[in-house]
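For reference, the structure discussed in these notes is given below.
What follows draws every value from the coordinates through simple rules; no lab data is involved. Small disclaimer: the values here were computed from a predicted structure and weren't measured. Backbone-built Cβ (ideal geometry, glycine too); neighbour counts: all protein chains shown.
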């Protein structure tokens with residue numbers, strides 16, 4: 001009897017052990033903590049972003065957006081970083097020491113061709129640049145043999161300058177052209193160091209209001225519906241914090257509408273961000289610049305790219321719809 005009892009106990013123990021093994025292999029139990037799949041990483045908002053600019057009318061929406069929102073866009077602090085020249089701003093953007101900039105599209109296109117991840121996300125103006133010459137010059141043909149300043153070789157201003165020369169039967173070889181930071185141009189004209197320049201405002205209006213220069217052309221005379229500058233951001237900012245980029249694009253669009261609605265108030269705001277008074281800013285705002293339609297079309301960008309290719313300034317390897325990230329703008333070209 002004792003041996004039979006021992007056999008029953010052994011059999012029951014074996015069955016219990018097998019049941020425990022089967023239960024341990026069941027797929028209904030949660031996996032161990034070490035085996036749990038990783039949760040997807042959430043997009044982390046920036047605390048602040050650095051945006052570079054030059055003290056020109058093309059940057060005015062940035063000034064107004066910053067002022068109207070007390071320096072905070074959608075919970076993210078704006079740090080506006082001023083520069084005196086395009087090479088300085090370009091170096092900062094290309095090195096990643098700033099997150100974005102209101103910059104010339106041509107410079108950014110060249111950077112993207114070199115492999116840098118930069119994206120145009122919105123324009124900041126249309127029209128409004130000045131072709132200024134010293135008093136007494138009445139035609140482009142009279143610039144032959146003279147010295148003329150452009151802000152940068154990789155600029156739409158260079159394209160307009162060369163078009164004006166061609167219309168007058170001249171080439172770049174007929175003029176001694178130099179690159180010069182925009183803030184230096186009015187003083188250089190006053191000293192007689194240059195015969196003229198093409199640039200964004202307020203530097204054209206400064207020479208005109210001081211009686212040392214005259215407007216020979218406006219940019220829209222040479223290229224209707226002219227576009228020059230826009231907000232270009234690094235790929236890192238666009239990928240890591242798209243919410244902030246979208247909010248900034250919307251804020252710039254709203255600021256543009258406010259400038260067009262009340263240019264006197266916008267002039268006061270711009271003066272607070274620069275060393276130029278509101279009277280000069282207001283005079284600049286009334287010289288053809290428009291703060292509307294900040295969404296470029298692919299056709300417009302294609303035309304700009306082709307103009308640069310024709311001048312051997314870029315190779316044209318970056319399509320317009322790659323350079324322009326339309327995902328941050330309403331009414332996008334995509």
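Between residue 236 and residue 260, the simple label model (points 7 Å from Cα in the Cβ direction) yields a spacing of 3.6 nm. Antiparallel beta bridges, as assigned by DSSP with both residues in the chain, represent about 60 percent of the total such bridges.
Modelled label positions at residue 72 and residue 190, each set 7 Å beyond Cα in the direction of Cβ, lie 4.2 nm from each other. Over all Cα atoms in region 185-332, the spread is summed up by Rg and Dmax: 17.8, 49 Å.
Relative to the first principal axis of the alpha-carbon coordinates of the chain, what is the inclination of helix 263-273, with its axis defined by its Cα atoms, in degrees from 0 to 90 and to the nearest 10? Approximately 70 degrees, to the nearest 10.
Compactness of the chain was expressed as the Cα radius of gyration divided by 2.2 N^0.38 Å, which yields 1.50. Using the alpha-carbon centroid of each, what span in Å lies between region 168-187 and region 203-229? Here the answer is 14 Å between Cα centres. Taking the centroid of alpha carbons for each part, region 264-305 and region 113-128 are 16 Å apart. With R₀ fixed at 30 Å, the C-beta to C-beta distance from residue 166 to residue 293 puts the FRET efficiency at about 0.60.
The per residue volume of the convex hull around the alpha-carbon atoms of region 130-222 is 80 Å³.
GNM on the chain, alpha-carbon springs under 10 angstrom: the most fluctuating residue among 90, 274, 234 is 274. Across region 130-222, Cα pairs under 8 Å and at least six residues apart give a relative contact order of 47 percent.
What angle do you read, to the nearest 10 degrees and between 0 and 90, between the alpha-carbon axis of helix 86-95 and the longest principal axis of the chain? Helix 86-95 and the main axis of the chain meet at about 10 degrees. In the chain, the longest principal axis of the Cα atoms and the axis of helix 2-24 are about 10 degrees apart.
Determine the calculated [θ] at 222 nm for the chain from helices alone, applying -39500 (n - 2.57) to every DSSP H run no shorter than 4 residues and normalising by the residue count; nearest 500 deg cm²/dmol.
Numbers: 14 runs with 142 residues, N = 334.
Rounded to the nearest 500, it is -12500 deg cm²/dmol.
Using a Förster distance of 56 Å, how high is the FRET efficiency between residue 317 and residue 209, based on the Cβ-Cβ distance and rounded to 0.05? Once the sixth-power term is evaluated, E becomes 0.85.
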